[in-house]
Amino acid sequence: MNVLRLPAVALIAFIALLASSTESLAQAGVFDLVRLMQLLSLAPEAEVAYTEKKYSSLLAEPIVSSGTLSYRRPDTVEKNMTAPRSERFRIAGEELIVVRNGAERRLPLSSQPLLSAFAASLRGVLAGDAALLRSHYRLALEGEEQGWRLEMIPLEEEISRYVERITVSGRAGRIEEIEVRESSGDRSVLQVR
């Protein structure tokens, strides 16, 4: 009887070991918000080309613009539009700087809750800062590391009057697209090249 018990005990121990190994392997491969934020926080400062299409119920065709986007740690995001006209938008520190037709205008983010929330969405995603994102948005992540989509729904009523949701998608630590869907039904889709 002891001879039969030993193989059964060994078999049970082997199955338990195999199950725990498989579980830890599965946990190592889990893709969740924590993992996405880690990947995004490791992404280097960058300057990339973009194309943006703005869709409106008032227009037959979308408005297309292009230029470059740049991110400098810890908190500077710049959108330099080169077509169809030249404009530059820079979020640096606690202000938005707009350069249009050679004139510079500075707006404190604190004066515009919508601007503040939008700045938080860009900075939070680019820096991999989930706490910053959660202070303004309800977050939902879909997909896996090689193809993910992060949906951000504004928490504040004042913001949700204008923005229904912001959806960011990409692969690993690289952002490929940002869609802003307005409460009016209009939307803009910015694709990074």
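The values are calculated or read from the model by the stated rules, or taken from the named source; none is laboratory data. Nothing here was measured: the structure is a model prediction, and the numbers come from that model. Cβ coordinates were reconstructed from backbone atoms using ideal geometry, including for glycine residues, and neighbour counts include every protein chain displayed. Please note that ligands, DNA and RNA were not included when accessible areas were found on the heavy atoms of the full protein model with its side chains. Shrake-Rupley method; radii C 1.70, N 1.55, O 1.52, S 1.80 Å.
Of all residues in region 149-163, those being surrounded by fewer than 18 Cβ atoms within 10 Å (Cβ to Cβ) and either touching a Leu at 6+ places or on another chain (Cβ under 6 Å) or not aliphatic (A, V, I, L, M) (or both) number 8. Are any residues in region 57-90 open to solvent by 80 Å² or more (accessible area, probe 1.4 Å) and among the small types (Gly, Ala, Ser), and if so, which ones? The answer is Ser57, Ala60, Ser86. When Ser184 is tested against the conditions (1) in a loop (DSSP other than H, G, I, E, B); (2) in contact with a strand residue (DSSP E or B) (Cβ under 6 Å, 6 or more places away or on another chain); (3) among the polar types (S, T, N, Q), the lone failure is (2). The residues in region 111-136 that are open to solvent by 70 Å² or more (accessible area, probe 1.4 Å) and at pLDDT 90 or above can be counted, and the count is 2. Quick check on region 42-57. Is at least one of its residues over 30 Å from Gly173 (Cα atoms), of a type in the set (Ser, Thr, Tyr) and either touching a Pro at 6+ places or on another chain (Cβ under 9 Å) or modelled with pLDDT under 90 (or both)? Yes, that holds for at least one residue.
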